[in-house]
Amino acid sequence: MATLQDDKAPKFDLANVPLDIFLDIVRFLDVQHTLRLRRVCRSLAHLTQSHSVWAAMANQHVIQQLLPWPTWALPLSVVSTQTLEVLCVRAIRLLGWWDDVKVSRKSVPPSGCILRPENSVTWLSICLSRWLVVQLNGQVLEFWDLENTLETCPSPRASFDGVDGIINGGRIFHDSPENCTLVISTRSDLAYALELRLSGPGIPASSAHVRLVRSWTGYSELLDATSDLWAFARTCTKQTATILHCLSGRSVNLVGTEDDELVGLFRITLFGHIAKKLLRKQRNLPGAIQIGHQDIAVARSHSLDIYSMESVMSVLNNGVSAATTGAVRPFQSLAYPSAWTGSGLTFVPNRPPWLRSKAPREDDIYLTLTEDEIGYSVALVAHKETERGAGEPSYGFERPYYLFGPEDPWIAALSWGDSARRAVSVIGEATYVLLCGISIPSNGDPLDDQWDNMDRIVARWRIPHGEKDFTRFLAFDEPTGRSVVAMASGHIWIADPTIHPVGSVAPFNPASLIYPDPAWPLTRSSPWLRRTETRVLDEDYQEISPWTSAVDEFFTDKNRPNSFGGATWFVNEVLHIRGTAEVFQFTVPFLTEYAVTELIRLDERVLIIGRDYGMGIHEAWLLTAGSTVESVKAHLHAGGTIGQLSKIKLAVDDWKEIKHGGGRRLGPIWQLHINVWSVLKLPMPILSLRDYLSKSDMIFGPFS
């Protein structure tokens, strides 16, 4: 009679099952349990290190869950097993650390620091989620390995000394997970393509290899690049969006919908003191460009212009020489909702997880911007409503997505991830500098409405001695959560959520004056001085007037072409308009240390700048063609106001202006308010300074 002990029941050995069956079992495990399974025995350790396992992990637990995943790590079949594992583990760790908006963490120090010479860092970027590319002194490129601690690798893995000029634009496209091309442009109107051979995350680092592939002269401010087409905001001769075919040297201008190179045609009919707008506002200067498969999108301050790739390639292919330049107009121009004026324009290359429609749609265009009036970071989605085969394609905007805001008035830099699920910003106040991690909800919040406070900050890193320093550059890699902030002192701070913060940091005492921007070497260590008189005798009008042209008496070096914070700096860096500018008229500073309104000459054009440094408010207008310095002076002398002049509002890059304020360490408006009234020995008014200035039509003038 058989007994229970006599039964020879087959034993199940998980370590010896076929790989396809093992994969079916593993798909019921998450990343953490798969790592625990590895510790059971050698056979299971070998199985859990197979490429198929980690490709399945990445697809099931990261990509299908709409977590950030780098585009260079696609398709999964060509990515190494080590790289897949590192990216998967980081993605799962960040899910609980970064995306939990209910958790409010205390500020901590960064996790590492690279020290370079003072005033030397002129550009930086993160490549392959692992390599930090730093430009020094407008020339040398250094490649730092972020996976190795600075103690074991205190120097860059490679360097390249063939770049001429400060980089003002860069893009990376990938041929394989370890081979990519870095395309950069410089302020010297030069563009370069560098071939990079770098180890991916998780792979033992070897020496980085850098090789110059090609270069072109006459192009600046690179905004996007593919293997064949490079997109620039300007050339050495025109302030027009330009597509360069990098193999042939032919180019095509992406002109705006209007004729004026700066703003387009704009007309106003005057009825007494009331200006009625007859044509929509249009500013032709590009803020961002995205090269798609079928279309090219150009984001401008008031509209999104869409160009047919077929039309662009037709012009490029019909060129007879490398010097051939054609022009293409958009087949559609979408004005932003509610006549918004946008700054900080950024295209989102990957499909965001917070979209209302969860069904994948091809050819949609995702754009983020800061709306100048409401101060919120907003996302716009342009959806293709008709297919190319059914006739002319047509795009339409969905309802806006309110991502976060209103923005802190002291945000000096903002960097979005490639899926716009996460972002980082730098807040530089007078007493501290914070690097903040921002999380955008991907479910449960439709992002349809704006609230009074949607800062969405989930992490804060306090930059050591940031109050004595100046923020230069910010880089962010969304899939790994790494952020890098370069300061003017030469400190490059690294914030990595998976690494413990650094300990105590030696006090920072600058050996010399910190230059906020080496391209503008004339830098004042303190704000411009203010004259003690409350009114002046204007030399043009020979009578008491709130306007004056005594620029040098109030603002020494204001009109010097290389002055940081000067007129040319403001026009070039804040308005992104090329040319030499000078202030020729401004309102007399009475309650503040700064002119409330400035009139600026830019070649034959006239700009109007409204300033409130304390509140971080800056507005700009361009007078219509035909308005001259003489005609504006005559208009004001006759008792006219700014509001009666024909003009169009321009987008202001507030981050550049806030950086300027941070470099001069201006205090908040209430401090300035108290100081001014105490110096004048006047009773404190009930009205705020901003209210007073807005109510004073004599000084500020109506701008509507």
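Being modelled with pLDDT under 70 and of a type in the set (A, V, I, L, M, F, W, C) narrows it down to one of Ile600, Ile617, so name that one.
Every option except Ile617 fails the conditions.
Restricting the range 250-274 to residues that are buried (at least 17 other Cβ atoms within 10 Å of the Cβ), more than 23 Å from the chain's Cα centre (by Cα) and among the small types (Gly, Ala, Ser) leaves a set whose member that is modelled with the lowest pLDDT is Gly264. In the range 383-397 there is at least one residue matching the filter, namely being over 20 Å from the mean Cα position of the chain (by Cα), modelled with pLDDT of 80 or more and under 13 Å from Trp340 (Cβ atoms).
Is it the case, given these coordinates, that Asn137 is over 30 Å from Val53 (Cα atoms) and open to solvent by 60 Å² or more (accessible area, probe 1.4 Å)?
Criteria met by Asn137.
Filtering the range 218-246 to residues that are open to solvent by 30 Å² or more (accessible area, probe 1.4 Å) and modelled with pLDDT under 90 leaves Cys236, Thr237, Lys238.
Scanning the range 340-353 for residues that are under 25 Å from Arg171 (Cα atoms) and either open to solvent by less than 20 Å² (accessible area, probe 1.4 Å) or part of a strand (DSSP E or B) (or both) yields a total of 9. The requirement of being closer than 18 Å to Leu369 by Cβ, of a type in the set (Val, Ile, Thr) and not in a helix (DSSP H, G or I) is not satisfied by Ile427.
Checking each residue in the range 63-73 for being open to solvent by 50 Å² or more (accessible area, probe 1.4 Å) and closer than 21 Å to Thr48 by Cα picks out Ile63, Gln64.
For Leu128, state whether it is touching a Cys at 6+ places or on another chain (Cβ under 8 Å) and either basic (Lys, Arg) or modelled with pLDDT under 90 (or both). No. Restricting attention to the range 461-484, the residues being in contact with a helix residue (DSSP H, G or I) (Cβ under 9 Å, 6 or more places away or on another chain) and among the hydrophobic types (A, V, I, L, M, F, W, C) number 1. Residues in the range 552-567 that are at pLDDT 90 or above and surrounded by 23 or more Cβ atoms within 10 Å (Cβ to Cβ): 1 in all. Taken together, the criteria exclude Asp364 from residues that are open to solvent by 10 Å² or more (accessible area, probe 1.4 Å) and at pLDDT below 90.
The lone criterion from (1) part of a loop (DSSP other than H, G, I, E, B); (2) under 21 Å from Ser338 (Cα atoms); (3) touching a helix residue (DSSP H, G or I) at 6+ places or on another chain (Cβ under 9 Å) left unmet by Pro409 is number (2). Please go through the range 41-62 and pick out each residue that is free of Cβ contacts under 8 Å to residues at least 24 places away in the same chain, more than 41 Å from the chain's Cα centre (by Cα) and open to solvent by 40 Å² or more (accessible area, probe 1.4 Å). Result: Arg42, His46.
The values are calculated or read from the model by the stated rules, or taken from the named source; none is laboratory data. From a predicted model like this one, the values you see are computed outputs, not experimental measurements. Glycine also receives a Cβ, built like all others from the backbone with ideal geometry; neighbour counts cover every protein chain displayed. Just so you know, the surface numbers come from the protein's heavy atoms only, side chains and all, with ligands and any DNA or RNA stripped out. Shrake-Rupley method; radii C 1.70, N 1.55, O 1.52, S 1.80 Å.
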